[in-house]
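The values are calculated or read from the model by the stated rules, or taken from the named source; none is laboratory data. Everything numeric here is computed off the predicted structure, so don't read it as measured data.
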Amino acid sequence: MRITFHSILLFVFLTVSTIGQQISFEKEILNIYVQDSVCSLDGKYFFRNNSEKLNKFSIYYPIAINGRQDYPNSIIVEDNNYNEIPFVKDKKGVRFYVTISADTILPIIIEYTQNVSNNSFEYILESTQSWGKPLESAVIKLHIPKELCLIKTSFNYNRVKKQKDKLVYIIEKENFLPDKNLKIIWRNK
């Protein structure tokens with residue numbers, strides 16, 4: 001059986017629908033570090049238990065894997081205290097379980113490193129729609145070394161921060177329900 005991105009989105013949507021909005025995805029803060037042929041991502045994701053009792057939730061985290069991006073070399077999933085959370089890999093992402101206290105927000109940290117080709121990287125944002133509501137906020141920082149030049153992003157950045165050895169392009173969104181993925185393209189100077 002062939003698993004497509006759309007079937008993964010449908011699965012995530014059905015999982016969230018079954019939970020009955022007991023859990024919501026509130027916001028994300030991402031750092032994407034671009035190198036010549038490797039990209040690393042570290043993200044902090046905030047999930048809320050909207051119910052009045054402690055609950056365990058299954059979360060599927062999709063990763064862009066295609067002809068230009070290999071399956072990640074390494075993946076780490078942790079809670080806010082840097083305790084590892086076990087996960088199960090599949091062809092297009094990972095699944096893990098979290099236990100969240102009643103009416104509480106739990107930050108989850110996910111990091112991965114991925115080989116890329118054609119000087120491009122894609123990060124899946126479209127799956128946010130399966131949660132049925134926009135993120136309160138999203139902050140995405142693209143760390144581009146000075147020897148590389150950012151050519152294009154699928155979302156406009158709000159500002160650029162100059163650092164000694166790189167430029168950091170910052171994308172800030174509120175009430176964010178993306179209908180496309182983040183795609184970035186760069187070249188050597």
Need a quick list: strands (runs of 3 or more DSSP E) entirely within the stretch 69-174 having at least 1 residues that are at pLDDT 95 or above and within 16 Å of residue 40 (Cα to Cα). 74-79, 93-100, 104-115, 120-123, 135-145, 148-153
Hey, residue 56 assigned to a strand (DSSP E or B) and at pLDDT below 95 or not: yes
Within the stretch 175-189, restricting to residues that are among the basic types (Lys, Arg) and part of a strand (DSSP E or B), the one that is modelled with the lowest pLDDT is 187
